[in-house]
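One structure is given below, encoded as structure tokens.
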Amino acid sequence: MKHVTACYVDARDGLPATEAPLRHGPALPSGALVVDAVDRRQSPALIIGRLPVDEPLATGMQLVDEARYTELLDDYHAWRDALAADARQDTLAALADYRYQVETAGIEIDGQQILTDRESQAQLTGTYQSLSQPFVDSIDWKAAGGWITVTEAELRPIAEAVAKHVQGSFTAERRVAESLDTTTDYRTAFDEALAAVKEEQAAAATAA
């Protein structure tokens, strides 16, 4: 095989894209051309490929040596890899934002809506510590639906549920992130992972 670069040609009149617009759609300049990459960073797109040794060069083709062929391919793949890496980072950032939304959206316990924003998480931790020391016997607690007075025994299941919800959200994000690609529907993947984590938490609580 010999190494070549080429451009698309008009599907009807065979004129190369370097000479005229492809009014009838693009076609390969030769049916024998093996396409290894199409670099669309330039116009017209540059085809990098190989051709059987005994096959003549068609219109729009140029013979290149192996070193140049390898250089062009390496540059193309480096560009694609960089694009994929950037896209993955963007998706990971979007996944983290979605986890934060779910984490801080609140949970419902026995019909009572419990706040799980970061401030409420910190207040709940401090409140539970005060009750478990015990510094006080009961505490007035502001839930999403209004004021309630709770003891350590009453606050324990709330604190446990919030802790499991928060940790479960981060565990779900980690599982999705570790297997994430740019084609993943990260929201659906996160929801499914979080549901699985909650099932595991429930099973562990039952076993205990």
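FYI, it's all coordinate maths here, none of it is from the lab. From a predicted model like this one, the values you see are computed outputs, not experimental measurements. Neighbour counts run over all protein chains shown; Cβ positions are idealised from the backbone, glycine included.
A few remarks follow.
- Column: log10 I(q)/I(0), Debye, Cα scatterers of the stretch 27-113, q = 0.15, 0.20, 0.22 Å⁻¹: -0.71, -0.98, -1.08
- Proxy reagent accessibility, fewest Cβ within 10 Å first, across M61, M1: M1, M61
- In a simple Cβ point-charge model (Lys, Arg +1; Asp, Glu -1; nothing else charged), the chain has a dipole of about 280 debye relative to its Cα centre.
- Note on Q62 and T125: the extension gain reaches 15.7 nm, defined as 0.36 nm multiplied by sequence separation minus the Cα-Cα distance.
- The stretch 50-84 residues near the modelled L15 label - backbone nitrogen below 18 Å, point 7 Å along Cα→Cβ: 59-61
- Using the Cβ-Cβ distance between T206 and I109 with R0 = 22 Å, the FRET efficiency computed as 1/(1 + (r/R0)^6) comes to roughly 0.80.
- Taking every alpha-carbon pair within the stretch 2-64, the share separated by more than 17 Å comes to 32 percent.
- With the convex hull drawn over the C-alpha atoms of the chain, the volume per residue is 209 Å³.
- Crossing angle, helix 152-178 versus the chain [Cα axis fit, 0-90 degrees, rounded to tens]: 10 degrees
- Seen against the Cα atoms of the chain and their longest principal axis, helix 66-103 is set at about 20 degrees.
- Efficiency of FRET between V34 and D181 - r from beta-carbon atoms, R0 35 angstrom, step 0.05: 0.80
- Whichever lysines have a C-alpha closer than 21 Å to that of K142, once near sequence neighbours (fewer than 8 apart) are set aside: K164
- Along the chain, the exposed loop sites are trypsin sites (Lys or Arg not before Pro) outside DSSP states H, G, I, E and B with at most 15 other Cβ atoms within 10 Å, and the longest stretch free of them is 42-208.
- Helix 186-207 vs. the chain, principal-axis angle (Cα, 0 to 90°, nearest 10): 40 degrees
- Dividing the summed -39500 (n - 2.57) terms of all DSSP H runs of n ≥ 4 by the residue count of the chain sets its mean residue ellipticity at 222 nm at -17500 deg cm²/dmol.
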